[in-house]
1. Where residues in segment 62-88 are more than 18 Å from N47 (Cβ to Cβ) and small (G, A, S), which of them is surrounded by the most Cβ atoms within 10 Å (Cβ to Cβ)?
2. Looking at segment 16-59, which of its residues are surrounded by 14 or more Cβ atoms within 10 Å (Cβ to Cβ) and farther than 21 Å from S114 by Cα?
3. Do you know which residues across segment 89-135 are surrounded by 16 or more Cβ atoms within 10 Å (Cβ to Cβ), over 13 Å from L77 (Cα atoms) and of a type in the set (F, W, Y)?
4. Considering every residue within segment 108-116, establish whether at least one is touching a Phe, Trp or Tyr at 6+ places or on another chain (Cβ under 6 Å), closer than 19 Å to M49 by Cβ and not hydroxyl-bearing (S, T, Y).
5. Determine which member of the set L27, L106 is in the same structural domain as T4 (by TED's automatic domain parsing), of a type outside the set (F, W, Y) and on the phi < 0 side of the Ramachandran plot.
6. Taking segment 16-55 as the region of interest, how many residues are without any contact (Cβ under 8 Å) to a residue 40 or more places away in the chain and either touching a helix residue (DSSP H, G or I) at 6+ places or on another chain (Cβ under 6 Å) or of a type in the set (F, W, Y) (or both)?
Amino acid sequence: MKITVWEPVQAHREMLTVIWPTLKSMLMAGHRMTIEIKQSKRSVEQNAMFHAIITKISKQMKAAGSTWTADDWKRLLIDQWAHDTDRKIGKVCPSLDGERIVQLGLQSYEFTTSESSDFIEFLLAWSAQKGLDVS
(Lines give C-alpha, C1' and ligand atoms only; values in the text may rest on other atoms or scores of the structure.)
Protein backbone atom coordinates (compact mmCIF):
# COMPACT_ATOMS: atom_id res chain seq x y z
CA MET A 1 0.00 0.00 0.00
CA LYS A 2 1.31 3.41 -0.94
CA ILE A 3 -0.54 6.60 -0.03
CA THR A 4 0.62 10.12 -0.83
CA VAL A 5 -0.41 12.77 1.67
CA TRP A 6 0.07 16.52 1.44
CA GLU A 7 -1.61 18.05 4.47
CA PRO A 8 -2.27 17.04 8.10
CA VAL A 9 -6.07 16.65 7.99
CA GLN A 10 -5.92 14.44 4.90
CA ALA A 11 -3.05 12.40 6.40
CA HIS A 12 -4.99 11.86 9.62
CA ARG A 13 -8.10 10.75 7.70
CA GLU A 14 -6.05 8.26 5.63
CA MET A 15 -4.42 6.87 8.77
CA LEU A 16 -7.76 6.31 10.49
CA THR A 17 -9.86 5.06 7.59
CA VAL A 18 -7.34 3.19 5.41
CA ILE A 19 -3.99 2.53 7.02
CA TRP A 20 -5.04 1.50 10.54
CA PRO A 21 -7.85 -0.89 9.51
CA THR A 22 -5.60 -2.58 6.95
CA LEU A 23 -2.64 -2.77 9.32
CA LYS A 24 -4.78 -4.08 12.18
CA SER A 25 -6.32 -6.88 10.10
CA MET A 26 -2.92 -7.95 8.76
CA LEU A 27 -1.39 -8.00 12.26
CA MET A 28 -4.35 -9.94 13.67
CA ALA A 29 -3.86 -12.49 10.88
CA GLY A 30 -0.29 -13.01 12.13
CA HIS A 31 1.58 -11.05 9.46
CA ARG A 32 4.60 -8.93 10.29
CA MET A 33 4.33 -5.50 8.72
CA THR A 34 6.78 -2.73 7.88
CA ILE A 35 5.74 0.91 7.98
CA GLU A 36 7.85 3.32 5.95
CA ILE A 37 7.37 7.07 5.87
CA LYS A 38 9.41 9.07 3.37
CA GLN A 39 9.28 12.24 1.34
CA SER A 40 7.77 12.12 -2.14
CA LYS A 41 10.14 11.88 -5.07
CA ARG A 42 10.45 14.68 -7.61
CA SER A 43 7.46 15.40 -9.80
CA VAL A 44 7.31 14.92 -13.56
CA GLU A 45 6.97 18.70 -13.91
CA GLN A 46 10.06 19.35 -11.78
CA ASN A 47 12.03 16.81 -13.78
CA ALA A 48 10.98 18.40 -17.07
CA MET A 49 11.79 21.90 -15.80
CA PHE A 50 15.29 21.22 -14.60
CA HIS A 51 16.13 19.21 -17.72
CA ALA A 52 14.89 22.10 -19.90
CA ILE A 53 17.04 24.58 -17.95
CA ILE A 54 20.09 22.33 -18.17
CA THR A 55 19.61 21.90 -21.92
CA LYS A 56 19.55 25.70 -22.34
CA ILE A 57 22.68 26.00 -20.20
CA SER A 58 24.47 23.35 -22.27
CA LYS A 59 23.82 25.31 -25.46
CA GLN A 60 25.29 28.52 -24.02
CA MET A 61 28.21 27.45 -21.84
CA LYS A 62 31.65 25.92 -22.04
CA ALA A 63 33.56 24.34 -19.18
CA ALA A 64 37.26 23.55 -19.14
CA GLY A 65 37.46 25.05 -22.64
CA SER A 66 35.00 22.58 -24.15
CA THR A 67 31.33 22.27 -24.93
CA TRP A 68 29.49 19.48 -23.14
CA THR A 69 26.22 17.63 -23.62
CA ALA A 70 23.19 18.38 -21.48
CA ASP A 71 23.84 15.13 -19.60
CA ASP A 72 27.43 16.23 -18.89
CA TRP A 73 26.16 19.60 -17.67
CA LYS A 74 23.59 17.87 -15.50
CA ARG A 75 26.39 15.99 -13.71
CA LEU A 76 28.48 19.15 -13.35
CA LEU A 77 25.55 21.21 -12.06
CA ILE A 78 24.32 18.56 -9.60
CA ASP A 79 27.84 18.31 -8.23
CA GLN A 80 28.10 22.10 -7.85
CA TRP A 81 24.64 22.32 -6.23
CA ALA A 82 25.49 19.51 -3.80
CA HIS A 83 28.76 21.22 -2.89
CA ASP A 84 27.18 24.67 -2.50
CA THR A 85 24.37 23.34 -0.30
CA ASP A 86 26.49 20.97 1.83
CA ARG A 87 24.80 17.86 0.51
CA LYS A 88 26.45 14.49 0.01
CA ILE A 89 28.72 14.83 -3.00
CA GLY A 90 29.62 12.00 -5.30
CA LYS A 91 33.05 10.43 -5.39
CA VAL A 92 35.49 9.55 -8.10
CA CYS A 93 37.38 6.28 -8.20
CA PRO A 94 39.57 4.38 -10.63
CA SER A 95 37.81 2.11 -13.11
CA LEU A 96 37.98 -1.62 -12.48
CA ASP A 97 40.83 -1.96 -14.97
CA GLY A 98 42.59 1.10 -13.55
CA GLU A 99 42.64 2.96 -16.88
CA ARG A 100 40.01 5.66 -16.24
CA ILE A 101 38.36 7.70 -13.52
CA VAL A 102 34.70 6.95 -12.83
CA GLN A 103 32.31 9.39 -11.15
CA LEU A 104 29.98 7.86 -8.59
CA GLY A 105 27.43 9.90 -6.79
CA LEU A 106 24.31 11.88 -6.40
CA GLN A 107 21.66 11.12 -9.03
CA SER A 108 18.64 13.30 -9.78
CA TYR A 109 16.24 10.35 -9.84
CA GLU A 110 16.71 10.18 -6.06
CA PHE A 111 15.68 13.83 -5.53
CA THR A 112 12.70 14.51 -3.30
CA THR A 113 10.23 17.20 -4.34
CA SER A 114 11.92 19.69 -2.00
CA GLU A 115 15.40 18.84 -3.32
CA SER A 116 14.10 19.25 -6.86
CA SER A 117 12.71 22.68 -5.99
CA ASP A 118 16.04 23.64 -4.40
CA PHE A 119 17.93 22.40 -7.46
CA ILE A 120 15.70 24.37 -9.84
CA GLU A 121 16.24 27.53 -7.76
CA PHE A 122 19.98 26.86 -7.85
CA LEU A 123 19.91 26.44 -11.65
CA LEU A 124 18.02 29.70 -12.11
CA ALA A 125 20.34 31.62 -9.79
CA TRP A 126 23.48 30.06 -11.28
CA SER A 127 22.30 30.86 -14.82
CA ALA A 128 21.47 34.46 -13.89
CA GLN A 129 24.89 34.83 -12.27
CA LYS A 130 26.52 33.63 -15.49
CA GLY A 131 24.32 35.90 -17.65
CA LEU A 132 22.54 32.99 -19.34
CA ASP A 133 19.02 33.15 -20.76
CA VAL A 134 17.16 30.06 -19.57
CA SER A 135 13.63 31.44 -19.78
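1. Only one residue fits best here, namely A63.
2. I19, L23, T55, K56, I57, S58
3. The answer is F111, and nothing else.
4. So far as segment 108-116 goes, no, none of its residues is touching a Phe, Trp or Tyr at 6+ places or on another chain (Cβ under 6 Å), closer than 19 Å to M49 by Cβ and not hydroxyl-bearing (S, T, Y).
5. Working: L106 fails: in the same structural domain as T4 (by TED's automatic domain parsing).
The conditions single out L27.
6. Residues in segment 16-55 being without any contact (Cβ under 8 Å) to a residue 40 or more places away in the chain and either touching a helix residue (DSSP H, G or I) at 6+ places or on another chain (Cβ under 6 Å) or of a type in the set (F, W, Y) (or both): 3 in total.
The values are calculated or read from the model by the stated rules, or taken from the named source; none is laboratory data. Bear in mind the structure is a predicted one, so any value in this text is a computation, not a measurement. Cβ: placed from backbone, ideal geometry, glycine included. Neighbour counts: every protein chain shown.
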